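Here, each number is a calculation from the coordinates, and none is a lab measurement. Just so you know, these numbers come straight off a predicted model, no measurement behind them. Note that each Cβ is placed from the backbone with ideal geometry, even for glycine, and that neighbours are counted across all protein chains shown.
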Amino acid sequence: MASSLITKKRIAKAFKELFLEKDFEKISIVTIMDRAGIRRQTFYNHFLDKYQLLDWIFQNDLKEQITDNLDFISGKHLLQELFHYLEEEQPFYQKAFEIHGQNNFFSYFIDYCQLIVEKILTDYPGQSDFPQDSTFLAFHKNYQTLALAETLKQVVQGQIPRPNPDYILAEITGTNLRRTL
């Protein structure tokens, strides 16, 4: 089992390197495996195609950054960690956000942003004047999830500066910013 994960990570590392050099469509399985120094057939023991590899990279990376930390750190700290991670991996994720259609990163990213929004709302209950109507709360969670995902995307793409996490917390929880700072 451990050797399988090591092999997957080696393949993923080779893909990430190539992805920084070439467009996604121009990366072949042969090129990935040559870069990884592993025979081509081994790729198919782990992935069906490069789209599934890309899915695995997104899921694995974000799982390590978000899902694995949900029970151990606050929503604010989770946001700070995610910003830090995305800055470290900015060239890769800039290109990832450019993929449209099948297996686009933004669709996965929204799901992970929803986990963060839910965590923040759980960490800071009762600090807002929100109606406790389930329809409103579902709308609010969805709205804030999309806003967070788009904000993070724009930061990664260099379109806006990194916002203070306290501003994001205030928006999500509906708290007065003066109480948050």
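Report the relative contact order of region 49-180, percent, no decimals, based on alpha-carbon pairs under 8 angstrom and at least 6 residues apart. Here the relative contact order equals 29 percent. Annotation: extensible slack from Ser3 through Leu115 equals 37.3 nm (criterion: 0.36 nm per residue apart, minus Cα-Cα distance).
Scoring 90-98, 24-32, 158-166 by mean Cβ neighbours within 10 Å over their residues and listing the highest first yields 90-98, 24-32, 158-166. Spin-label model, Gln159/Gln41: points 7 Å from Cα along the beta carbon direction are separated by 4.6 nm.
Working note: Cα atoms of the chain, range along each principal axis, descending, whole Å: 59, 36, 28.
Partner aspartates and glutamates whose Cα lies under 19 Å from the Cα of Lys26, excluding those fewer than 8 positions away in the same chain, are identified as Glu17, Asp34, Asp49, Asp55, Glu98.
Beyond 27 Å in Cα-Cα separation lie the following of the pairs Lys13/Lys153; Lys63/Lys153; Lys16/Lys76; Lys13/Lys95: Lys16/Lys76. Mean residue ellipticity at 222 nm, helices only, the chain: -22500 deg cm²/dmol; runs of at least 4 DSSP H residues each add -39,500 (n - 2.57), and the sum is divided by the number of residues. With each label modelled as a point 7 angstrom along the Cα→C-beta vector, the Lys141-Glu17 pair spans 4.2 nm.
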